[in-house]
Amino acid sequence: MIARKVTFTGRVQGVGFRYATKQLAMGFDVIGWVSNMSTGDVELQIMGESEELDEFVQEIVEESDLAALIKEFAVSEIPLLEDCQGFSMK
């Protein structure tokens, strides 16, 4: 099990990005959260098996309606999430 942080930039706030991401997460074996940042970006922190995380991020950035809203995204490894159950919006 690993954890990753994904930061999305573009037109990602005020357009239902967090809600849509939460809905997409229901189709994957991931736990974590998605949150608006004060910079206007959206941050996603997820934990699960590497392949599952890759597929989830790929779904967001390439296959979902959210892809058109994303200008750039950056993925980094982070320490495992503690006290996290399910997937939520912050």
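Consider the stretch 63-90 and keep the residues that are over 18 Å from Thr9 (Cα atoms) and small (Gly, Ala, Ser). The one that is nearest to the chain's Cα centre (by Cα) is Ser88.
Per-residue answers, yes or no, for (1) at pLDDT below 95; (2) touching a strand residue (DSSP E or B) at 6+ places or on another chain (Cβ under 7 Å):
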| site | (1), (2) |
| --- | --- |
| Arg11 | yes, no |
| Val15 | yes, no |
| Val30 | no, yes |
| Val34 | no, yes |
| Glu43 | no, yes |
| Met47 | no, yes |
| Glu51 | no, no |
| Asp54 | no, no |
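For the stretch 26-52, the set of residues classified as under 13 Å from Gln13 (Cα atoms), out of contact with any helix residue (DSSP H, G or I) (no Cβ under 8 Å at 6 or more places or on another chain) and not acidic (Asp, Glu) consists of Met37, Ser38, Thr39, Gly40, listed by residue number.
Could you please give the count of residues in the stretch 57-76 that are of a type in the set (Ser, Thr, Tyr) and at pLDDT 95 or above? Spell out how you get there, then give the answer.
Step one: filter the stretch 57-76 for residues of a type in the set (Ser, Thr, Tyr), giving 64, 76.
Then keep just the ones that are at pLDDT 95 or above; that gives 76.
Final tally of qualifying residues: 1.
Considering the stretch 27-62, the residues that are over 18 Å from Gln85 (Cα atoms) and aliphatic (A, V, I, L, M) include one that is farthest from the chain's Cα centre (by Cα), namely Met37. Considering the stretch 31-82, and only residues there that are in a strand (DSSP E or B) and small (Gly, Ala, Ser), the residue that is farthest from Ala20 (Cα to Cα) turns out to be Ser76. Among residues of the stretch 36-50 that are more than 22 Å from Ile2 (Cα to Cα), those with a beta-carbon under 8 Å from a residue that is hydrophobic (A, V, I, L, M, F, W, C) and crowded, with 16+ Cβ neighbours inside 10 Å at least six positions away or on a different chain give the pairs Asn36/Val42; Gly40/Val12; Asp41/Phe8; Asp41/Val12.
The set of residues in the stretch 12-26 that are over 17 Å from Leu81 (Cα atoms), touching a residue at least 24 places away in the same chain (Cβ under 8 Å) and not charged (D, E, K, R) comprises Val12, Gln13, Val15, Phe17, Tyr19, Ala20, Thr21, Leu24, Met26.
The values are calculated or read from the model by the stated rules, or taken from the named source; none is laboratory data. The structure presented is a predicted model; accordingly, all values stated were derived computationally and were not measured. Quick reminder, even Gly has a Cβ in these numbers, built from the backbone with ideal geometry, and neighbours come from all protein chains shown.
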